[in-house]
Ligand code: FEO
Ligand code: CA
Ligand code: CA
C-alpha cells in the first residue's frame, strides 16, 4: 500500500499514512545513545557461509545458469537482460525479449457462474465470484510438481472506491468530492477484499486461467475463519457474536503473504486499523492496546452497515485482526485459520524456509514506522511426505523479535510469557497477552525500531535473509542507528542478515546494510548503489521481493510515483554477490499511479508473476494527466484501454520470448 497517492483528495480510499502512523512511543532502542556509526562490514559474510548454506532444494543447473550469466556480464552481474528505461506513462514496460501478458484482472471470472464483468452494474454477488481488487501477494503452488500447471494464490489488499465506482466522485463548485458509499458498494468492497485461489496452466508458452478449476476459491471479508493457537478463546477475542473467541468473520488488508513448505497459502493481515470506526466505551481496558495499533482509523465506511467494525458496539473485534491467516488450498471448503502463535501486528507477509534441523522458520515484518522485524520458529519439524502432519505446525513454536546491534551482530529475542519482562508485572498475564499486544511485548524486550519493515525473505541458496525497509521520513537525526542509518529516510534500505552458522533457527546472527536506496546522483540522498548501476537502475522504497531458484534477489517497489523520482514503481534485479554487489537493473515497470507487488518466480524460473496494484491512483505529478484521477477521469485505463472499461489492477505473467529462464 502506497502513501504517495491521492488520499488527500480521496480520503476514504486507503489509509492516509496507512503503512506507518508511527504509533511506537516506547523509549527503547534507538534514541540518542546510539548515534549511527557508519562503518563498512562489507566482507563479514565472505567465507564458509555462502558455500555451506546452499540448499539441497536448488538444482545445480539453476546455480550454473546464474554463474554463467555472471561470467557473461562484464560488470559481473548475475542478471542478463537489457534494462528498461525508467519513466512514467500509461502502460507497463518489460525488458526487450520478454512478454508481459495480462493474466488476471479485477472482475475476471474465477468461479463457475461468475457474470461477465460490468463495472456499471457491479454487485457483491458477482464480485465474490470474480478476481478481487488491488492484487498484492502472488504465490504459486505447483500441481504435481509442475512449473506449468499450478494454483495461483493472490491477495486482494484493499479497495479504491474512487477508481471502482462510477458516479462516486463529483465536481461541485470546481472542487472534487467523493460521496458516501451505499451498502451495496460497501458489500462490493468487502467481496473485493481477501484472496483468490485459481488454477492456471501454461499451454503453447502462454498462461491461461482454468476458470472451472476444482480448487478455485474466493476468500473475502465475509469468509468464516477459525482462530487457533495460544490466543484462541481468550476473553479479549470474544464478541457479542462469538462467545467462544475462536470464530472470526473475514480477513482484511491482506498485503503480502507466503506459501508454506507444505503448500498452504498465507495471507498476512496488515492495516486492519483503517476498517474500524466508532468510540471505545469510556475506560475500556483495550484503549492503550488500540492506541499502539492506531485503532480506530476509520478510513473505510464499513461500520455504517456492519456492527463488527464499530468499536462502540464490538469493542473486542480489532483483537481478531492483525493475524497471519493460513489457507488449505487443496480443500476449497476448508476454514481458513488465523494463527495467533505468529503474533498480532500489521503483518506485511510471512515468507518461510525449512531449517537444517527440519523446523520451519517464518520471517515477518510489521509495516509501521519504528516497528519491528520478527521471526517464528515452529516447535515441530516439517515432514516432506506427510502433508497432514504439517497442517498445524503454525500453532506451536517460538516468536522472536529482532534486535540489531551497532557492531553488526543481532539477537532474536524470544517472546515467551514469563521470560524476561513478559510477566504480569508488565501486564502480560499469559502468552495470549504477549501475542495480542505483540508490539508492546517488543517494546519491553528492547527490539530495534525499524524504518517500516516490509517483505522479509530468506534465501535458501546463500543462506541469508533480506529485509525490505521501505522508508521512514519521521526518523530524526538523534534516532538513527546502524541498522536504520539515515534520518528522514525517504527512500528506504535493504538489510542482509546472516544467521549464525547458517542456521535459520539461530537466536543470533550478523547483519549489514546491503543497499541504501534513492538516486545515487544526488549526494545528499546517500544512496549506495554500485557505480555500475545506471540512471534507470536505482530505485527507492523497496517493498516486496523474491529470490529465484538461483538465489538471485528481485525487488519491487511502492512509492516511486512522484516528481522526486521521475519514475514509476517496478521490478528491479539486485546483485548481492561478488564485485557486482549492490548493482541494480530495471526489468519491468508499472503504469502511472500503480505500485509493484508480487513478485514470484515459478520453480523453473521461466515465469515471473507480478501484481500491478492501484494503477491510476494518482497522476497529478505526471504531465500526461496532471490532475486528480478518478473513475470518470482516469490517468490510465490500463490494461484494457477501452473507453467503457475502468482501470483494473491485474496480475501479469512475464516470460522470455521463445522460452527459457528469466534473466539468464
Ligand atoms: Fe501493504 Fe506494507 O504494504
Ligand atoms: Ca507491501
Ligand atoms: Ca516475497
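Where a number appears in this text, it was derived from the coordinates with a stated rule and is not lab data. Not measured: the values here are computed from a predicted model. So basically every Cβ, Gly included, is an ideal-geometry build from the backbone, and we count neighbours across all protein chains shown.
Work out the P(r) tail for the range 146-257: percent of alpha carbon pairs separated by more than 18 Å, whole number. Mind showing how you got there, number by number?
On the way: 4188 of 6216 pairs.
I get 67 percent for the Cα pairs in the range 146-257 exceeding 18 Å.
Roughly what % antiparallel, to the nearest 5, for the DSSP beta bridges in the chain?
95 percent
May I ask you to derive the relative contact order of the range 331-442, considering only C-alpha pairs under 8 Å and at least 6 residues apart, and to give it as an integer percent? Walk me through the numbers before you get to the answer.
Numbers: 191 pairs, mean separation 25.4, N = 112.
Here the relative contact order equals 23 percent.
Sort 305, 609 so that the residue with the fewest other Cβ atoms within 10 Å of its own Cβ comes first and the one with the most comes last. Before the final figure, lay out each step's value.
Values: 305 16, 609 24.
Exposure proxy ranking, most exposed first: 305, 609.
Compute the FRET efficiency between residue 423 and residue 304 as 1/(1 + (r/R0)^6), taking r as their Cβ-Cβ distance and R0 = 30 Å, and round to the nearest 0.05. Write out the running numbers ahead of the final one.
On the way: r = 41 Å, r/R0 = 1.38.
The value I calculate is 0.15.
Considering the convex hull of the alpha carbon atoms of the range 509-664, report its projected area averaged over all viewing directions, in nm², one decimal.
Numbers: hull surface 44.3 nm².
Value for the range 509-664: 11.1 nm².
If I model a spin label at residue 184 and residue 357 as a point 7 Å from the Cα along the Cα→Cβ vector, what separation in nanometres do I get?
Once both label points are built, they end up 5.9 nm from each other.
If I take R0 = 30 Å and measure r between the Cβ atoms of residue 203 and residue 640 in this structure, what FRET efficiency does the formula 1/(1 + (r/R0)^6) give, to the nearest 0.05? Don't jump to the answer; show the numbers that get you there.
Working: r = 23 Å, r/R0 = 0.76.
After rounding, the FRET efficiency stands at 0.85.
Assuming a viscosity of 1.306 mPa s and a temperature of 10 °C, what translational diffusion coefficient in µm² per second does Stokes-Einstein assign to the range 555-612, Rh being the Kirkwood radius over Cα pairs?
On the way: Rh = 12.3 Å.
In µm²/s, the coefficient rounds to 129.
Roughly how many nanometres apart are two label points built 7 Å out from the Cα toward the Cβ at residue 579 and residue 99?
Here the answer is 3.7 nm between the modelled labels.
Which percent, to the nearest 5, of DSSP beta bridges fully inside the range 432-579 are antiparallel?
Once the DSSP bridges in the range 432-579 are tallied, antiparallel ones form about 95 percent.
Can you give the Rg to Rh ratio of the range 397-466, both from alpha-carbon atoms, with Rh computed by the Kirkwood formula?
Working: Rg = 13.7 Å, Rh = 13.4 Å.
In the range 397-466, Rg relative to Rh is 1.03.
Treat the count of other C-beta atoms within 10 Å as a stand-in for reagent exposure and order 450, 267, 415 from fewest to most.
Numbers: 450 31, 267 34, 415 24.
With the sparsest Cβ surroundings first, the list reads 415, 450, 267.
Sticking with the crude label model, points 7 Å out along Cα→Cβ, report the distance from residue 627 to residue 389 in nm, one decimal please.
6.5 nm
With a cut-off of 8 Å between alpha carbons and a minimum separation of six or more residues, what is the relative contact order of the chain in percent? Mind dumping the intermediate values first?
Values: 1864 pairs, mean separation 116.0, N = 664.
So the answer I get is 17 percent.
If you restrict to DSSP beta bridges whose two residues both lie in the range 254-379, what percentage is antiparallel, to the nearest 5? Spell out each step's value before the answer.
Numbers: 21 of 22 bridges.
Counting DSSP beta bridges with both partners in the range 254-379, the antiparallel share is about 95 percent.
Rg and Dmax of the chain over Cα atoms: what are they, in angstrom?
Values for the chain (Cα only, Rg and Dmax): 22.9, 69 Å.
Taking 0.36 nm per residue of separation and subtracting the Cα-Cα distance, what length does fully extending residue 144 through residue 330 add? Walk me through the numbers on the way to the answer.
Working: separation 186, 0.36 × 186 = 66.96 nm, distance 1.23 nm.
Extending this stretch completely gives an extra 65.7 nm.
How much length is gained if the chain between residue 89 and residue 175 is pulled fully straight, taking 0.36 nm per residue apart and subtracting their Cα-Cα distance, in nm to one decimal? It would help to have the intermediate numbers written out before the result.
Working: separation 86, 0.36 × 86 = 30.96 nm, distance 2.59 nm.
Extra length from residue 89 to residue 175 when fully extended: 28.4 nm.
Could you give the length gained on full extension between residue 284 and residue 121, defined as 0.36 nm per residue of separation minus the Cα-Cα distance, in nm? All intermediate terms of the calculation are to be shown ahead of the outcome.
Details: separation 163, 0.36 × 163 = 58.68 nm, distance 4.25 nm.
Gain on stretching residue 284 to residue 121: 54.4 nm.
Order these peptides, 319-328, 147-156, 220-229, 416-425, by their mean beta-carbon neighbour count within 10 angstrom, highest first. Intermediate results must be reported in sequence, preceding the final value.
Values: 319-328: 26.9, 147-156: 24.0, 220-229: 19.9, 416-425: 13.8.
Final packing ranking: 319-328, 147-156, 220-229, 416-425.
Compute the relative contact order of the range 392-443 as a whole-number percentage, counting only Cα pairs closer than 8 Å that sit 6 or more residues apart in sequence.
Working: 51 pairs, mean separation 12.3, N = 52.
Reported relative contact order: 24 percent.
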